[in-house]
Structures are given as C-alpha cells and as structure tokens.
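Here's the structure, in structure tokens; my notes come after.
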Amino acid sequence: MKLSAFGEKFAGDSGIVELMDDLGNALSENPDMIFMGGGNPGRLPAVEQVFRENMESILEDPQQRHSLFGIYQSPQGEKEFRKEVAAFLNKQFGWSLSCQNIAVSNGSQSAFFMLYNMLAGEMSDDTRRAIHLPLSPEYLGYRDVGLTSSFFTATRPKIERLEDHLFKYHIDFSNLNVDHNTAAMCVSRPTNPTGNVLTDNEISMLDELARANDIPLIIDGAYGLPFPNIIFTEVTPFWNDNTILVLSLSKLGLPGARTGIVVASEEVIQAFTRANAVISLSCGTMGPALAHQMFRNDQILSLSRDHILPFYRERSTQVVDWFRQEMGDLPYQIHKPEGAIFLWVWFEGLPIGSQEMYQRLKQRGVLVVPGHNFFVGIEDEWAHKNQCLRVSYAQDADTVRQGVRIIAEEARKAYDLE
Ligand SMILES: Cc1ncc(COP(=O)(O)O)c(C=O)c1O
C-alpha cells in the first residue's frame, strides 16, 4: 500500500501507537497483569448506578429512545443539551455563556485534534505556527495529533523540592517565550501525567500572556473543574472569551460514551462546528443523553463532590504512603498529588532509564507508562526525562498495593542496592 504523507504520519509507527499496542498486547498475553498504565477511571458503584438509571429511563421513553438511536444530531451538539451546559456553568461560576459558546465533540481527544490543527501547523501565508505547552511533561495524547512536524514547543518546568520525598513542578515564566510563531498555549489542569494543578496565579499569568500575544489559552479540564473535579487543592475554574476550555465526560466514568464539551467564544465554536461536520458529520448522542438530567439537577456536581473526588483523594494519599513504606530511603520523589488519577514517580539518577524500567516491570507483570513519552515539545537532552514513571492508582486497592511493592523491588534492583 502506498501511503500519503498523512497516511505515513497517522498509520505509521508513532511512539504513542507503539506504546498503546505494547500495553494492549501485554494485557492480552497476561490478563492477570497489574494494570497501572492506562487512563481508565476507577469503578464507583454509586456513580455507575446513576448512569444505569438514566439509561433505563431513556430506553423506556419512546421519544427519548428514538432521539438516542435514530437521529443525527447537529455537529455542534444537541441544542437543549448545550443550553443546559451553558446554564449550569453560568449558575455555578457566574459566567455569561449561551448555547453558542458550547460545542460537543466525540471525545475530547478528537476536539484537540481539530482545535490544534485549526490553529497551528502550516498557515496560508506559508509560515508555520506551533502549540506551546507552558509546562511539559504534558498529556501524551497530544504528541502525535499535529498534521505537520514540529507541532509543539514547550517550556521546561522549575522543580521545587518538598519534604517527605515529594516535589512539585512550576511554570518557569522566566523562560516561557511566546512569539509570532506561537498559535496557542495549552495546559491540562490537573495535569496528566503528574497530578499537578496549576495555581490560580499561574493561570492568570498565562491568560495575560495569551491576551497580550493575541492567541488563545486552551485549558484541558479532562480531570478538572467543574466535573469530574478530581482536584485536591483549592483552585478556581477559569474561563473568558480568550480561553478554550475543553471538558470531558470520560473521567466521570463514561469513557465509552466518547463525549467532549468545548467552551469557547462564538467565533471558535463556529469554526470548530464546521470542522466537526467535515470530520464526524454529527455528534454522538449517548453522553449528552445520559448527562442531560445531571446538568439540570446539578447531580453532576454532587457525584463529583461526594463520590469521585473522595475516592481519588483518599486513594492518592494511601498510595503515597505505600510508596513511602516500600521504597524506604531509595532516591525517589513523587510529584505532590494535587489531582487526576496518577502518581508521577521520579527515580532520581536512575541508572537504567524509564524505558528499561518499564520493560522490567512488564516482565514482572506490572504495567506502567514510561515517563519519557510525556515530555512533549522538549527535544533537548535532559536526564530527568528518562527518570520518571506514570502510575495509575485507579484500579482496586489490593492490585495497586501489589503493584507498588513490585515497583519498589525493581527500583531497588535498578539502583543495584539489592
Ligand atoms: C489530559 C487528558 N486530556 C484529554 C483526554 C482525552 O479524553 P477523552 O477523549 O476520553 O475525552 C485524556 C484521556 O485520558 C486526558 O488524560
């Protein structure tokens, strides 16, 4: 088969595809693998129960059932749902959104594909623009979405060392350079993979920088505010006309519904809707149908606050304790867990590199994600890039406990301290 440049890029061997294949193969070869690698949300019975009841009531009503299965929705998403989302955000945060500020996508991943490529890459005047990540490590799902090469630039973070084997990344504003080649800035808040939550001050400085350079600030709220609200620090949700906030129903427990929600100026939403019509024709109906009622009666907030947030907050504290017990005085550091569903473990001075560590753990039946994949946009050599692992703590507690023990055993061997 002769592939086009597009085909070579998207059907060829990209790092993320290889990694996902490897994770998938490892799981199918050994179903007992301890899976601390993916982004699947944890299973929360009370939350699953609500989804089930909502689905049953839709299926019982012929009209709702027909609109779930039998109708193409607009590529912007069903109007009543968009109105409900806008009203919910206005009520919660005092924003002044209308349904024209909201678009629905088939998962937030595909929203990023469209938004990034609408803004960055080759421009019609033959210049090129890049998406800038003010703090990398960032979500590895961004890495290969650009239609052109050199699609991302990034700023290395400042590292603050904290007590008890913790550290925290901060945006290094003194080295954050935005210029006429920058199309937009993007941050995930909380950040996948680190669990970092950018402070209100960092967000407002980014907003000022974005507005001063006349570029949008994209905030990826897949784990964030107002839902699923997996944030353990006190921070304020942020949006203004220059912000593109991308939300998702996935981490609430609905990754199969493939529903992203874009909140942006009318101009951005119009452009996005046209692109979505070309690429997807229409929006999936399941996520909006399940969530409609939850926006209307604020249940999306109470589920996040009463079930989802406490589950991950308690689990993260527990897993950090397990690491402390198992790792003893090994030279490891954990990024202060401030949100999301992962721990980001830094093995300082690791003699074997994160890829080898990943392979050895896989041999031992534990799947994690090697950290070098997440340094999107940072091309230069930096030893730190090869010394980190992302460890999901969303699976059941016994499994995670066992995984931590094996990670510590392999770390001890890697440092040759056995
Ligand atoms: C930070 C972040 N953004 C976006 C996504 C994409 O999520 P979805 O396409 O399921 O909405 C993920 C998925 O893991 C993520 O971790």
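The values are calculated or read from the model by the stated rules, or taken from the named source; none is laboratory data. In this text the structure is predicted, and so the values were computed from the model without any measurement. Every residue, glycine as well, gets a Cβ built from its backbone with ideal geometry; the counts of neighbours run over all protein chains shown. Side chains included, ligands, DNA and RNA excluded: accessible areas come from the protein's heavy atoms. Shrake-Rupley method; radii C 1.70, N 1.55, O 1.52, S 1.80 Å.
Quick check: from the Cα gyration tensor, does segment 204-266 come out rounded (a/c under 1.5), prolate or oblate? Write down the numbers at each step before the final one.
Values: a/c = 3.22, a/b = 1.62, b/c = 1.99.
Oblate shape, in that a/c is at least 1.5 and b/c is the bigger or equal ratio.
If you plug each phi of segment 201-211 into the Karplus form 6.51 cos²θ - 1.76 cosθ + 1.60 with θ = phi - 60°, what whole-Hz ³J(HN,Hα) values come out, in order, with x for Gly and Pro?
5, 4, 5, 6, 5, 5, 4, 4, 4, 5, 5
Taking the Cα centre of segment 17-57 as the origin, how large is its charge dipole in debye, to the nearest 20, when only Lys and Arg (+1) and Asp and Glu (-1) carry charge on their Cβ atoms?
Values: 2 positive and 8 negative charges, 47 e Å.
Roughly 220 debye, rounded to the nearest 20.
Build a GNM of the chain with springs between Cα atoms under 10 Å: which of G107, G12, G224 gets the top mean-square fluctuation?
Answer for the Gaussian network model of the chain: G12.
Skipping prolines and chain starts, which residues have an amide H placed within reach, meaning under 5 Å, of the one on N192, given they are 5 or more residues away or on another chain?
Amide H to amide H, under 5 Å and 5 or more residues apart or across chains, N192 pairs with Y139.
Could you compute the FRET efficiency for I159 and R313, with r as their C-beta to C-beta distance and R0 at 22 Å, rounded to 0.05?
Working: r = 24 Å, r/R0 = 1.09.
Working from the Cβ atoms, E equals 0.40.
Enumerate the calculated ³J(HN,Hα) couplings along segment 168-183 in order (Karplus 6.51 cos²θ - 1.76 cosθ + 1.60, θ = phi - 60°), each rounded to whole Hz, writing x wherever the residue is Gly or Pro.
Result, ordered by residue: 9, 7, 10, 5, 8, 5, 5, 10, 8, 10, 10, 9, 5, 8, 8, 8 Hz.
In the Gaussian network model of the chain, springs joining C-alpha atoms below 10 Å, which of N242, N297, N106 carries the largest mean-square fluctuation?
Per the Cα network of the chain with a 10 Å cutoff, N297 tops the list.
Could you tell me what percent of the DSSP beta bridges with both partners in the chain are antiparallel, to the nearest 5? The partial results should precede the final answer.
Details: 25 of 43 bridges.
Rounded to the nearest five, the antiparallel share is 60 percent.
With label points built 7 Å along Cα→Cβ from the Cα atoms of T148 and Q355, find their separation and express it in nm.
2.9 nm
Computed over the Cα atoms, what is the radius of gyration of segment 72-298 divided by 2.2 N^0.38 Å, N being its residue count?
Values: Rg = 17.1 Å, N = 227, 2.2 N^0.38 = 17.3 Å.
Taking the Cα Rg and dividing by 2.2 N^0.38 Å, one obtains 0.99.
Treat every Asp and Glu Cβ in the chain as -1 and every Lys and Arg Cβ as +1, leave all other atoms uncharged, and give the resulting dipole magnitude about the Cα centre to the nearest 20 debye. Please report the intermediate quantities before stating the final value.
Working: 36 positive and 53 negative charges, 111 e Å.
So the dipole magnitude of the chain works out to roughly 540 debye.
Accessible surface of V404 in the full protein assembly, 1.4 angstrom probe, to the nearest 10 Å²?
0 Å²
Set Lys and Arg Cβ to +1 and Asp and Glu Cβ to -1, take the dipole of the chain about its Cα centre, and tell me which of S14, F311, L166 lies farthest positive.
F311
For segment 307-400, just say rounded, prolate or oblate: build the C-alpha gyration tensor, square-root its eigenvalues into a ≥ b ≥ c, call rounded for a/c under 1.5, and beyond that prolate if a/b exceeds b/c, oblate if not.
Numbers: a/c = 1.73, a/b = 1.49, b/c = 1.16.
The shape class here is prolate.
What list of ³J(HN,Hα) values in whole Hz, one per residue of segment 292-300 in order, does the Karplus curve 6.51 cos²θ - 1.76 cosθ + 1.60 (θ = phi - 60°) give from phi, with Gly and Pro shown as x?
Ordered by residue, 3J(HN,Hα) equals 3, 4, 5, 6, 5, 9, 6, 5, 4 Hz.
Pull up all non-local amide H partners of I334: gap of 5 or more, or a different chain, and H-to-H distance under 5 Å with H placed in the peptide plane.
Distant-sequence amide H within range of I334: L166, F167, W346.
With springs connecting C-alpha atoms under 10 Å apart, model the chain as a Gaussian network and identify which of D306, D61, D396 has the largest mean-square fluctuation.
Evaluated over the chain, the most mobile residue of the options is D61.
Quick check: the angle from helix 397-414's long axis to the longest principal axis of the chain, C-alpha only, nearest 10 degrees?
Orientation of helix 397-414: about 50 degrees from the principal axis.
Near K362, within a Cβ-to-Cβ distance under 11 Å, what is the net charge of the other residues, with Lys and Arg +1 and Asp and Glu -1?
Details: positive: R360, R364; negative: D22, E29, E356, E410.
Combined, the nearby Lys, Arg, Asp and Glu give -2.
Farthest toward the dipole's positive end in segment 198-326, which of M294, I244, A264, given Cβ charges of +1 (Lys, Arg) and -1 (Asp, Glu) about the Cα centre?
Result: M294.
Mind putting together the pair-distance distribution for the chain? All Cα pairs, 20 Å bins, whole percent per bin, short to long.
For the chain, the binned pair fractions read 26, 58, 15, 0 percent.
With 29 Å as the limit, write out which pairs from K83/K168; K168/K362; K2/K385 have Cα-Cα distances beyond it, or answer none. Don't skip to the end; give the middle numbers.
Numbers: K83/K168 38 Å; K168/K362 27 Å; K2/K385 35 Å.
Too far apart for the 29 Å limit: K83/K168; K2/K385.
Ignoring ligands, DNA and RNA, what percent of the 1.4 Å accessible area of the chain is carbon and sulfur? Walk me through the numbers before you get to the answer.
Details: 8570 of 18010 Å².
For the chain, the apolar C and S fraction of the accessible surface comes to 48 percent.
Counting only other residues whose beta carbon sits under 10 Å from that of E160, what net charge do I get with K and R as +1, D and E as -1?
Working: positive: K158, R161, K168, K336; negative: none.
It works out to a net charge of +4.
Picking from A183, L97, A394, whose Cα lies most toward the positive end of the charge dipole for the chain (charges on Cβ: Lys, Arg +1; Asp, Glu -1)?
L97
Calculate, in nm to one decimal, what E381 and L330 gain on full extension: separation in residues at 0.36 nm each, minus their alpha carbon distance. Spell out each step's value before the answer.
On the way: separation 51, 0.36 × 51 = 18.36 nm, distance 2.44 nm.
15.9 nm is the gain from fully extending E381 to L330.
Assuming a ≥ b ≥ c are the square roots of the Cα gyration tensor eigenvalues, decide whether segment 149-257 counts as rounded (a/c under 1.5), prolate (otherwise, with a/b larger than b/c) or oblate. Please list the in-between numbers first.
Details: a/c = 1.65, a/b = 1.13, b/c = 1.46.
Cα axes put segment 149-257 in the oblate bin.
For L135, what residues show an amide H to amide H distance below 5 Å, using hydrogens built from the backbone and excluding near sequence neighbours?
T155
Could you list log10 I(q)/I(0) for segment 10-103 at q = 0.12, 0.19 Å⁻¹, which the Debye formula gives when each Cα is one point scatterer?
Here the Debye-derived log intensity ratios amount to -0.79, -1.00.
Rolling a 1.4 angstrom probe over the protein heavy atoms, how many square angstrom per residue are accessible across the chain? All intermediate terms of the calculation are to be shown ahead of the outcome.
Values: 18010 Å² over 418 residues.
Counting only protein heavy atoms, the per-residue value for the chain is 43 Å².
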